[in-house]
1. Probe of 1.4 angstrom, ligands and nucleic acids ignored: what's the accessible area per residue over the stretch 63-212, in square angstrom?
2. Go through TRP81, TRP110, TRP147 and list them by solvent-accessible area, largest first, probe radius 1.4 Å.
Amino acid sequence: MRNNTNQGFRNGLGLTWMLARRDLKNRYASSYAGVAWNVGVPLLYSLINVIVFSILMTGRMGERYGNVPFALFYFVPFSLWTVFSEVVGRSPGILREYAYLINKIAFPVWVLPLIPFASALLSQAIILMLTAGLMIYLQVPLAPTAWAYLPIWLIALALTLGIAYVVAALAVYVPDLAQAVPVGVTILFWLTPILYPATLVEDHGALWIRNIIMDYNPFFYLVDLSRHAVFGGAAMSWHALGAMALVAAAVLALGLALFRKLQPGFADVI
């Protein structure tokens, strides 16, 4: 029985990879630049953010990040965020987009929320290569704790997947999520200290703002942990890392359980 389960899982991943490649190709089939749009748009958006906020944040980075160039300060956590925003942003419509497959009895519907990962991981790979190139060019050394970026990245992926499964399943029954989720993702971006240091919120933010940004926002911890892991400057909070791993595992388990529970009704509603 276990061998059959493992084989089904491997087949599902292979099917995901095939559908993801077709998805990337189809999304940009009618454009001249093709898949380059998938990478070019987030890079252009990032470039504008870096130019504008590197000016606004001059002299306001605080002791923890004072010696880190703003471009690196931004790109390290943005590499985590870009996967979350792209995958969760597409999750409300992904089941309706592939509705013709849901009606097929033998098709593993659980692979559909994984399809946006392909384009998201492509964008992230470019951003990580750009970040590595900047670190070499600007001669910024990696901190001894830089290896911790990998578990932080895995935690971010697990959290992203869990939320994507929840949103994809609920959006079948609540179509308004297709409009609400992108707005929510944008609000969460500005509530997460990606473009500004957390010290600004700690030192100048009202208590209720600090509670929202620093206590109830899981991406606050991932963003801060990723910077501390890669650049040093402040001690790593291993307690926070362990807590985030538990939270991400719980969200992923919840997402998969909810998706499985609601799945029998997908074909009837869609």
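The values are calculated or read from the model by the stated rules, or taken from the named source; none is laboratory data. Model, not experiment: these values are computed from the prediction. Each accessible area value is taken on the protein alone, full model and side chains, heavy atoms only, with ligands, DNA and RNA left out. Shrake-Rupley method; radii C 1.70, N 1.55, O 1.52, S 1.80 Å.
1. Numbers: 6580 Å² over 150 residues.
Here the residues of the stretch 63-212 average 44 Å² of exposed surface.
2. Listed by decreasing accessible area, they come as TRP147, TRP110, TRP81.
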